[in-house]
Structures are given as structure tokens and as C-alpha cells.
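*Asks:* So that we are looking at the same thing, I have put the structure below in C-alpha cells.
The values are calculated or read from the model by the stated rules, or taken from the named source; none is laboratory data. From a predicted model like this one, the values you see are computed outputs, not experimental measurements. Reconstructed Cβ throughout: ideal geometry from the backbone, glycine too, with neighbour counts over all protein chains shown.
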Amino acid sequence: MRKIRCAIYTRKSSEDGLEQEFNSLHAQRDACAAYIASQKHEGWVMLPEQYDDGGLSGGSLERPALQHLLKEVKGGRVDQIVVYKIDRLTRSLADFSKIVDVLDVAGASFVSVTQSFNTATSMGRLTLNMLLSFAQFEREVTAERIRDKITASKRKGLWMGGKVPLGYDPDGRTLRINESEAKTIRALYSLYEELGTVRQVKDAADRLGLRSRHRKEGDGTTSGGGPFDRGHIHYILTNPIYAGRIRHRRQVYDGQHPAIINPDRWDAIQDRLQDGAARRRHMSSAGRISLLCGKLFDETGDRLTPSHSKTKNGTRLRYYISHRLVARSGEAHPGAWRLPACDLEARITDLVRGTILRNGFVPSVMLGEGADAIARASAAARAWLSDARPDDLLALVERIDIAPGSMTLHLDASKLAERFCIEVDAIDTSQLASCHPFQLRKRGVEARIILADAPARQDETLIRNIARAHAWFERIKAGSTFAQIVAAEGTSRRRVQQMIGLAFLAPDIVQDVLDGKQPTGFTSDWCKTHDLPSDWSDQRALLATL
């Protein structure tokens with residue numbers, strides 16, 4: 001009798017209860033072990049290694065134990081994955097398709113001990129698709145419920161967790177003042193009132209030896225305890241928590257915790273900060289604000305500065321040009337930049353939105369944080385993005401370095417902390433820079449970034465691949481395996497795996513492809529090296545960056 005090596009996979013979305021001697025992971029494992037024992041006559045053998053993901057969501061495949069298990073399957077060391085329920089493995093239909101690909105290649109399979117169906121039949125696959133669809137729906141409804149609960153609690157002025165801000169200690173669902181740290185907060189506010197700029201406040205804080213909070217994480221790592229940087233000081237000066245208030249999205253509510261800074265005094269400081277920021281960062285041209293002023297630099301380190309020109313009919317056109325064109329006008333500068341401001345600002349807006357929506361962005365910048373804190377920050381980021389205007393998104397930009405063929409985007413840690421409702425110390429600043437390729441089209445002396453206003457041209461190859469992907473997916477739902485599709489189509493398994501994701505494209509994206517209005521970078525070749533997210537809004541955000 002052939003021996004079937006069975007690996008048990010368990011998962012729990014939150015960390016609550018994992019410290020107990022017998023928790024949900026143990027219960028799942030016991031149920032799976034009993035099922036394997038009942039199939040001993042079929043040659044089933046339970047492998048001793050445990051694959052447990054505690055405190056991790058099923059909305060992504062980026063789970064350590066699952067990735068290790070799939071690696072074992074690919075290596076031919078596991079014949080069958082056993083789970084308590086299918087949603088323990090994944091809640092996403094698209095992710096499940098990827099897992100099935102891995103299992104098919106390795107000749108392995110999976111079993112859910114509480115849900116009996118046979119994936120070898122068309123009815124079994126239909127049942128599976130329905131279960132996964134409801135699991136994904138349940139996850140999305142749960143996320144909405146959590147967001148609504150956080151909103152209602154913050155309206156009441158409650159503290160909903162996360163990194164405790166400097167100057168306070170947690171006290172249930174509110175905060176109490178930490179007097180020793182509150183002295184540092186009061187000192188920073190007083191320095192700003194006296195000096196008037198964040199740069200001068202930082203210099204004075206360094207001379208006075210003011211330090212951020214020293215934090216020790218659960219895994220033994222430490223952070224903080226060093227001098228304040230300018231971003232952290234600005235975050236403290238603009239955080240309404242110190243005026244006894246709670247911020248949620250674009251609203252600020254009266255909190256139930258005591259204020260360190262008198263609210264009237266805090267409001268006056270905000271007016272002063274906004275006036276100073278307007279003078280330093282914005283430059284008006286014909287009533288329009290150049291929102292990237294002071295943030296753009298070319299490959300030589302030269303700053304791009306706002307400029308404008310008039311057309312024959314009197315219309316003013318805004319540009320960002322290399323500063324050397326202004327400082328040494330009349331000289332030849334073949335490598336200097338001259339970019340249309342509106343197009344560039346729209347491009348950067350899309351890049352910022354797409355970067356934040358990218359799968360794994362929030363966990364990557366909150367390295368070392370718990371699953372609950374990451375989930376809250378992700379929910380806050382998505383909620384804020386749903387209402388954010390272009391100028392709100394551009395305010396998150398700290399710096400942009402432009403070079404031929406690529407631009408590097410640097411996001412502002414203090415602004416992200418504010419939008420994500422977390423402490424700036426929780427952000428890993430090394431993850432805030434991202435490089436993005438782009439193309440230029442020469443029009444006289446002007447170099448333009450190719451955007452959506454390029455002439456419409458249908459990509460026949462992409463259209464054919466979308467049609468094939470839908471046909472392949474229908475065959476999968478009817479019970480065909482990848483091997484059968486490969487044999488019938490005379491193509492490779494890799495090609496099918498690369499293109500099957502096109503079957504899950506949002507209808508409006510498919511229509512844009514048919515009309516030739518898709519982003520320039522969205523091609524069949526791009527699909528060979530990139531995975532499309534299953535969520536339609538995430539697809540739109542990702543393609544907006546191409």
C-alpha cells in the first residue's frame with residue numbers, strides 16, 4: 001500500500017488566546033490528527049512537523065508556516081495537506097488557485113476535515129468555489145465591522161491601541177499622563193513657540209539632550225531612546241492627542257484622556273505651522289500651487305523648481321525645471337529637465353496611492369509590530385485613502401529623485417504615522433523608498449512622462465490572452481486540471497499560470513484594454529513577472545502606477 005504523508009496546517013487570525021495552554025491551533029491540530037488516524041487503512045501517515053501560523057490573516061499567502069509547507073510540497077516531502085476548514089488555508093479564490101497550481105505540479109492534494117467534497121468532480125469544484133467566495137466575503141465584512149467599531153469608539157474619545165505616544169501611558173481604553181515624558185513634550189512645544197521653525201527646534205533639542213522614548217519589544221529588540229529627528233518633532237507638534245483629542249481619518253474628536261498642551265495653545269501652534277509650511281514649500285503660479293516644490297531632484301542632485309510659460313492664447317502652463325536653467329539662464333544644459341507640472345503631479349499621486357495599496361506595504365513599514373497593530377494601520381490607511389485628495393497624497397512625499405528611465409519616491413515617515421494612526425517610531429524608514437520606471441517622450445525641448453493621454457492603441461496580444469484566461473478558468477470550473485489544459489492547448493504550464501490571473505480582471509479594466517486605453521506598462525510581458533491582486537480596487541491602484 002502506498003504511504004500518503006500528511007502535513008497538518010493550522011491558522012488563527014488574531015493573537016488573542018494563543019498564550020493559553022490549549023488554544024485554537026491545538027484544537028485544529030487534534031481534529032486533523034484524528035481524521036488522519038481514521039484513514040490509516042488508506043495508508044495515511046501524519047508527519048511530525050507542525051505548520052502553525054498564529055495571529056496571521058488568511059487574506060494573504062505571506063505566512064511563514066504556509067510558505068515553508070508549500071516549499072516542502074514542492075520538494076516532494078508532503079503528499080497531502082490536511083486543514084480543519086478550507087478558510088484556514090486561504091480566504092481568497094485567486095490565492096487558492098495558486099496553491100492548487102503548486103499541488104498539481106507536485107502531484108499532491110489537500111483535505112478539509114469538516115467540509116466533505118471531491119475536487120475531482122465539477123460539482124466538487126463548484127462547491128469549493130462557493131465556499132471560498134463566502135470566506136472572502138466574511139473576511140471583508142469582518143474588516144468593515146472592525147473599522148466601524150474603531151470609528152464609533154474614537155468618536156467617543158476612546159484610545160484604540162497601537163503605539164502609546166510619548167508623554168502618556170496606557171490606562172484601559174484611555175491614557176494617563178507620564179509626567180517625566182510630558183516634560184519633554186512641553187519643552188518641544190515651548191521651543192517651537194520661541195524659535196518658530198522645526199529645524200531650530202531640533203538643534204535646540206539636541207543641545208538640551210532631549211530623547212525619544214526607549215521601547216523594548218516582545219521579541220527583545222529595542223528602539224528609540226535617541227535624539228529626535230525633524231519628522232518626529234513635526235509629528236509631535238501636529239498630533240492632537242497632546243491637546244486631549246483623538247484623530248480618526250480626517251476628523252478630530254474630544255478624547256477622554258487629559259491634555260498635556262492647552263487646546264487653545266495647540267490650535268495657535270497649528271496655525272503658525274501651516275503658515276510657515278505655506279511660505280517654505282508652496283509657490284503659486286497663476287493661482288495654482290506647485291505641490292512638489294522643494295521635493296524634486298534630478299540625477300545630478302540639482303533641485304527642480306516651479307516655473308511657467310504663456311501660450312499664444314494667454315494660458316499659463318506650469319513646469320518643474322532643473323534649477324540650473326534658472327540660475328545660469330542662457331547657457332546650454334543638455335541634461336536639464338523640464339517636466340509639465342500637472343502631468344507629473346498626477347503621476348506622483350498615482351504612485352503614492354499605488355505604493356500604499358500594494359500588498360505587504362503596511363507590514364513592511366511596520367516591521368516588528370504585532371498582527372493586530374498592522375491590521376489597524378492597514379484599515380486606517382485604506383479608510384484615509386478612500387477620501388484623500390491629490391494634495392493629501394502629495395503631502396506624504398518627502399523627496400523624489402528623477403533620473404533617465406526611473407524615479408525614486410521617498411515617503412515622509414511622520415506624515416504616514418499620522419495617516420496610519422500610529423507612532424512614528426513604529427515605522428521602518430528603510431522601507432519608505434521605492435523605485436519606479438517610466439518613459440519619456442520628447443516634444444521639442446520638453447520631456448513628457450507618458451501617461452494615460454497617449455494615443456489609444458489596442459494590444460491584440462493582451463486581448464487574446466485575456467480571452468484565453470477566461471476560457472481556461474471555465475475549463476477549471478468544469479473539472480479540468482492544468483495538465484489537461486496544457487495538453488489540449490499545446491502550451492506550457494508556466495504560460496497558463498502566468499496568464500490565468502487575467503480571468504479575474506475588473507470589468508472596467510477589461511473594457512479599457514478593449515478600447516486601447518490601458519496603462520502603457522500593462523502588457524502580456526508584464527503579466528509574466530507580476531501577480532495581479534484579486535481585489536478589483538487593488539488592481540486599479542496597481543495598474544495606475546504603470
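*Asks:* Suppose we filter segment 376-394 for residues that are charged (D, E, K, R) and within 26 Å of residue 296 (Cα to Cα); how many remain? Step through it out loud before you land on a result.
*Replies:* Of all residues in segment 376-394, those charged (D, E, K, R) come to 376, 382, 387, 389, 391-392.
Checking the rest, the ones that are also within 26 Å of residue 296 (Cα to Cα) come to 387, 389, 391-392.
Within segment 376-394, residues that are charged (D, E, K, R) and within 26 Å of residue 296 (Cα to Cα) number 4.
*Asks:* Are any residues in segment 512-525 surrounded by fewer than 15 Cβ atoms within 10 Å (Cβ to Cβ) and of a type in the set (A, V, I, L, M, F, W, C), and if so, which ones?
*Replies:* Answer for segment 512-525, where residues must be surrounded by fewer than 15 Cβ atoms within 10 Å (Cβ to Cβ) and of a type in the set (A, V, I, L, M, F, W, C): just 514.
*Asks:* Could you please let me know if residue 469 is in contact with a helix residue (DSSP H, G or I) (Cβ under 6 Å, 6 or more places away or on another chain), in a helix (DSSP H, G or I) and more than 18 Å from residue 100 (Cβ to Cβ)? Walk me through how you get there before you give the answer.
*Replies:* Details: in contact with a helix residue (DSSP H, G or I) (Cβ under 6 Å, 6 or more places away or on another chain): yes; in a helix (DSSP H, G or I): yes; more than 18 Å from residue 100 (Cβ to Cβ): no.
The answer is no for residue 469.
Matching residues to (1) over 20 Å from residue 346 (Cβ atoms); (2) in a helix (DSSP H, G or I):
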site	(1), (2)
386	no, yes
399	no, no
416	yes, yes
435	no, no
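*Asks:* Checking the structure you have, find out if any residue of segment 370-377 is touching a Leu at 6+ places or on another chain (Cβ under 8 Å), more than 19 Å from residue 437 (Cα to Cα) and modelled with pLDDT under 85.
*Replies:* Residues of segment 370-377 that are touching a Leu at 6+ places or on another chain (Cβ under 8 Å), as a first pass: 371.
Keeping just the survivors that are more than 19 Å from residue 437 (Cα to Cα) gives 371.
If we keep only those that are modelled with pLDDT under 85 as well, we get 371.
Checked against the condition, which is being touching a Leu at 6+ places or on another chain (Cβ under 8 Å), more than 19 Å from residue 437 (Cα to Cα) and modelled with pLDDT under 85, segment 370-377 yields at least one hit.
*Asks:* Please find, within segment 258-278, the residue that is nearest to residue 177 (Cα to Cα) out of those that are surrounded by fewer than 20 Cβ atoms within 10 Å (Cβ to Cβ) and in contact (Cβ under 8 Å) with a residue 24 or more places away in the chain. If you could, list the steps in order and put the result at the bottom.
*Replies:* At the first step, the residues of segment 258-278 found to be surrounded by fewer than 20 Cβ atoms within 10 Å (Cβ to Cβ) are 258-259, 262-265, 267-278.
Narrowing further to those that are in contact (Cβ under 8 Å) with a residue 24 or more places away in the chain: 258, 265, 267, 269-270, 272-273, 276.
Working: 258: 7, 265: 18, 267: 20, 269: 21, 270: 22, 272: 26, 273: 25, 276: 30 Å.
That would be 258.
Each row is one residue, and each column tells you yes or no for (1) in the same structural domain as residue 360 (by TED's automatic domain parsing); (2) loosely packed, with under 13 Cβ neighbours inside 10 Å; (3) under 17 Å from residue 371 (Cα atoms).
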position	(1), (2), (3)
22	no, yes, no
28	no, no, no
45	no, no, no
52	no, no, yes
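*Asks:* May I pose another question? Of everything in segment 493-546, what is assigned to a helix (DSSP H, G or I), hydroxyl-bearing (Ser, Thr, Tyr) and more than 24 Å from residue 388 (Cβ to Cβ)? Give them in sequence order. Please lay out each step first, then the result.
*Replies:* Filtering segment 493-546 down to residues assigned to a helix (DSSP H, G or I) leaves 493-504, 507-515, 524-529, 536-543.
Subset that is hydroxyl-bearing (Ser, Thr, Tyr): 524, 529, 537.
Scanning segment 493-546 gives 524, 529.
*Asks:* Now for a separate question. In the set 185, 246, 150, 236, which member is of a type in the set (Val, Ile, Thr), surrounded by 16 or more Cβ atoms within 10 Å (Cβ to Cβ) and not in a helix (DSSP H, G or I)?
*Replies:* Numbers: 185 fails: not in a helix (DSSP H, G or I); 150 fails: not in a helix (DSSP H, G or I); 236 fails: not in a helix (DSSP H, G or I).
Matching residue, one of 185, 246, 150, 236: 246.
*Asks:* Additional query: Looking only at segment 168-182, count every residue that is part of a strand (DSSP E or B) and basic (Lys, Arg) and tell me the total. Show your work before the answer.
*Replies:* Filtering segment 168-182 for residues part of a strand (DSSP E or B) gives 168-171, 174-177.
Next, only the ones that are basic (Lys, Arg) stay: 176.
Residues flagged as part of a strand (DSSP E or B) and basic (Lys, Arg) within segment 168-182 amount to 1.
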